[in-house]
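A quick write-up on the structure given underneath.
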Amino acid sequence: VQLQASGGGLVQPGGSLRLTCVASGRDLSRNGLGWFRQAPGKEREFVASINYNGGIIAYADSVKGRFTISRDNAKNTMYLQLNSLKPEDTAVYYCALKTRIGPGKSKSEYDNWGQGTLVTVSS
């Protein structure tokens, strides 16, 4: 399975973006999915996760209330709506497939990382 993230770009503080993660090669309707991000010089960190049917969702404290994760299994697609963006949200955002048991917040639970999409928040 291949995951491809898109939708990044340059946005002013307070602005919004919608990221999309499209999967090919496999039906993802039985898998959890996650978004992570990596800022320059920093470790890749958890952003949000969603279980196979969207019934269980988790967010990092730093994005709670501003970001919204969702999925459309009919389209084999996951989304991340980014609102009220801050300069500290600047990073490459990656989507990944959850393949191991766990709460969904650790990189070690995921595989099939996409190439990522760059989000830059700057005035």
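The values are calculated or read from the model by the stated rules, or taken from the named source; none is laboratory data. None of the values given here were measured: they were computed from a predicted structure. Note that we place each Cβ from the backbone using ideal geometry, even for glycine, and neighbour counts take in every protein chain shown. We work out accessible area using only protein heavy atoms, side chains counted, and drop any ligands, DNA or RNA first. Shrake-Rupley method; radii C 1.70, N 1.55, O 1.52, S 1.80 Å.
Structural remarks
- Across region 15-29, rounded Karplus estimates of 3J(HN,Hα) from the backbone phi angles (6.51 cos²θ - 1.76 cosθ + 1.60, θ = phi - 60°) give x, 9, 9, 10, 8, 10, 10, 10, 10, 9, x, 6, 6, 9, 5 Hz, Gly and Pro being marked x.
- Distant-in-sequence amide contacts of residue 86, defined by a placed amide H-H separation under 5 Å and a gap of 5 or more residues or a different chain, comprise 14.
- Surface accessible to a 1.4 Å probe, residue 28 within the full protein complex, Å²: 10
- Dividing the Cα radius of gyration of the chain by 2.2 N^0.38 Å, with N the residue count, gives 0.97.
- Rounded to the nearest 20 debye, the dipole size of the chain about its Cα centre is 140 debye, using +1 on the Cβ of Lys and Arg and -1 on the Cβ of Asp and Glu.
- Amide H contacts of residue 110 (H built 1.01 Å from N, under 5 Å, at least 5 apart or other chain): 99
- Kirkwood hydrodynamic radius of region 56-118, from inverse mean 1/r over distinct Cα pairs, in Å: 13.1
- Three-way shape label, region 1-70, alpha-carbon gyration tensor, a/c 1.5: prolate
- Backbone HN-Hα couplings from phi across region 38-48 [Karplus 6.51/-1.76/1.60, Hz, Gly and Pro as x]: 9, 8, x, x, 10, 6, 5, 10, 5, 10, 7
- Residue-wise HN-Hα coupling along region 53-61, computed from phi with Karplus coefficients 6.51, -1.76, 1.60 (Hz; x: Gly, Pro): 10, x, x, 10, 10, 9, 10, 5, 4
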